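FYI, it's all coordinate maths here, none of it is from the lab. Since this is a predicted model, take the numbers as computed values, not measurements. Positions of Cβ are backbone-derived with ideal geometry, glycine not excepted, and every protein chain shown enters the neighbour counts.
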Amino acid sequence: MKANMKYIYLPIFLLLFFNCSEDKISITGEGRILGKVVTIGDNTPLENVKISTNPGTSVIFTDLNGNFSIPSVDVGNYSVQAEKEGYLTVFEAVSVTEDSSTSLIFELDVETANNDAPNAPILISPANDAINTEVSVELTWSGSDPEEDDLTYALKILNDQNSDVLEYTDITDTTFTVSGLLYGAKYFWQVSASDGINDPVLSGVFNFKTLQYPENRIFFTRKINGNNVIFSTDEAGNEFQLTSESSNSWRPRKANNIDKIAFLRSNGGETHIYTMNLDGSNVYQVTNTIGVTGFNLEELDFSWKSNDTQILYPNFDKLYQINANGASLQEMHQTSNGNFVTEVDWNENTSKIAVKTNDSDGYNVEIYTINTTGTVQDTILTGLDGAAGGLDFSFDGNKLLYTRDVSENENTEYRQLNTHMFIYDLPSMIATNVSLDKPAGTNDLDPRFSPNEAKLIYVNTSNDGISQRNLEIIEIGIIDTRAILIEDAKMPDWK
């Protein structure tokens, strides 16, 4: 019995022995995975792309040329993953066989590749074909994006009057105000939307027409954000801005015969005379080599001459004449005592030129007239202390409007304490005070005759030298007719 049991155990032992021995000497096959990663479309190699597999093997990164190699990979089926920040992750299936290399090519697209473009903006206002639109207009539209991405907009505006193109970018709102448009012009506008990923998407095109320019006869200057800006207005106080707040422009003077406005403008460190149309368009620089300069730029004044074909202007102690097109510059007059020429006015009927001069502090004032050869003819004011100015001839040339500080105070700040308006009658040589009911503690400055010479327009302000200036109107010789026409205004002209 025992002998028989031995024979039974022996086969079982041998079977187990050979089975165990077979597991230990079996060889698992290996291969390797080779590959390259490039950008989709242009096949640019991508460096530092993370390569991993499932089931897991080694995690490696592509080299400078976008190549990678995973050695000693057990035979079998794998999913290989390529991932890099900023790109969409890509998977590729691969089968590794024994003692062989399996090659892959990954083409990666940017992670925003599946992002949809914004919807086309929808223009809202002004409505298409709108008319009588103000020259400062608020444009409104709507915009949206399928993924609700943040959008920025760009605005493009053209017109039918010239080749100017207005372009505004990086707009984050769906409203935008455009100022300084031309009067009576047809404008075409279009908006594009961008999500920063896709190409911008354009809206349709709307058009609107601005209102016709009103025939205003009053012009003035107002300081906005540190710069002087020129406006026009009617007697009801309806204002229209003519020059941009981005430039420093002041002292408007209208030429009736050619419907132009001449004005002063800063140009670098100099001041020059420019002209423009009554609506502010077609700006042209008249002076170039010799600009306008003297005692105080805010006090300097110039005049149209010879049927509005020429301009007279001051430069220190000299008076110059120049054609409105910038040609034929010539010196007309030089002061005999070294005083600066500060103001000038020309009368067409008498061909007389009124000149105001002063020293470098604004005092030692002289007001006189000269003829076209520069010869002094009439002495209107001399030998008095204090400030004076504001020259304006009557139409017939027999009267000259001016101002004078009757306090005769002189100070380093050029602060005027009690300035009145006077009308000087040249035939009788009598000056009449027309500031009949001027409030105490104020100054009347920069007066101009109304076109019918029954009224005066002028600036009234506190004598503290810093308060707001207001444009007022008064009937000549009649008290209690003072009225504010425009608040916060200076340097008027009325033609």
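Please give, to one decimal in nm, the separation of the simple spin-label points placed at Asn307 and Glu85, each 7 Å out from Cα toward the Cβ.
Placing both labels 7 Å along Cα→Cβ, they lie 7.8 nm apart.
Between Lys156 and Glu331, how high is the FRET efficiency from 1/(1 + (r/R0)^6) when r is the Cβ-Cβ distance and R₀ = 60 Å? Nearest 0.05.
Working: r = 48 Å, r/R0 = 0.81.
Computed FRET efficiency for Lys156 and Glu331 comes out at 0.80.
Round to the nearest 0.05 the FRET efficiency obtained for Thr177 and Ser467 when R0 = 45 Å and r is the Cβ-Cβ distance. It would help to have the intermediate numbers written out before the result.
Values: r = 30 Å, r/R0 = 0.67.
Plugging the Cβ-Cβ distance into 1/(1 + (r/R0)^6) gives 0.90.
Give me, ordered by chain and number, the residues 5 or more places off Phe295 or on other chains with an amide H under 5 Å from its own placed amide H.
Here the answer is none, since no amide H 5 or more places off falls under 5 Å of that of Phe295.
Between Ala120 and Thr97, 0.36 nm times their residue separation minus their Cα-Cα distance comes to what?
Stretched fully, the Ala120-Thr97 segment lengthens by 3.0 nm.
Please give the contour-minus-distance gain from Asn411 to Glu239: 0.36 nm per residue of separation, less the Cα-Cα distance, rounded to one decimal in nm. It would help to have the intermediate numbers written out before the result.
Details: separation 172, 0.36 × 172 = 61.92 nm, distance 3.59 nm.
Length gained, Asn411 through Glu239: 58.3 nm.
What is the extension gain from Lys186 to Asn256, computed as 0.36 nm multiplied by their sequence separation minus the C-alpha to C-alpha distance, in nm to one decimal? Don't skip to the end; give the middle numbers.
Details: separation 70, 0.36 × 70 = 25.20 nm, distance 2.69 nm.
In short, 22.5 nm is gained.
For the residue pair Ala454 and Thr432, what label-to-label distance in nm results when each label sits 7 Å from Cα along the Cα-to-beta-carbon direction?
1.6
For a quick protection proxy, order the peptides 275-283, 58-66 by their average other-Cβ count within 10 Å, most packed first. Each step should come with its number before you reach the end.
Values: 275-283: 18.9, 58-66: 14.9.
Peptide ranking by packing, descending: 275-283, 58-66.
What FRET efficiency comes out for the pair Leu384/Ser246, r = Cβ-Cβ distance, R0 = 41 Å, nearest 0.05? Don't skip to the end; give the middle numbers.
Working: r = 41 Å, r/R0 = 1.01.
The pair Leu384/Ser246 has a calculated efficiency of 0.50.
Measuring from label point to label point, each 7 Å out along Cα→Cβ, what is the Thr293 to Asn43 span in nm?
About 6.8 nm separates the two model spin labels.
Which whole-Hz couplings ³J(HN,Hα) result when phi for each residue of the range 43-56 is put into the Karplus expression 6.51 cos²θ - 1.76 cosθ + 1.60, θ = phi - 60°, listed in order with x for Gly and Pro?
6, 7, x, 10, 8, 6, 7, 7, 10, 9, 10, 9, x, x
Put +1 on the Cβ of every Lys and Arg and -1 on every Asp and Glu Cβ in the range 426-495; which of Asn443, Leu471, Leu426 then has its Cα farthest towards the positive end of the dipole?
So the residue furthest toward the plus end is Leu426.
Give me a comma-separated list of calculated 3J(HN,Hα) values for the range 409-415, in order, Karplus coefficients 6.51, -1.76, 1.60 applied at θ = phi - 60°, integers in Hz, x for any Gly or Pro.
These are the phi-based 3J(HN,Hα) values: 6, 10, 8, 5, 8, 6, 7 Hz.
Going by amide H atoms built from the backbone, whose H comes under 5 Å of the H on Gln190, apart from near neighbours?
Counting only residues 5 or more places away or on other chains, the set is Lys156.
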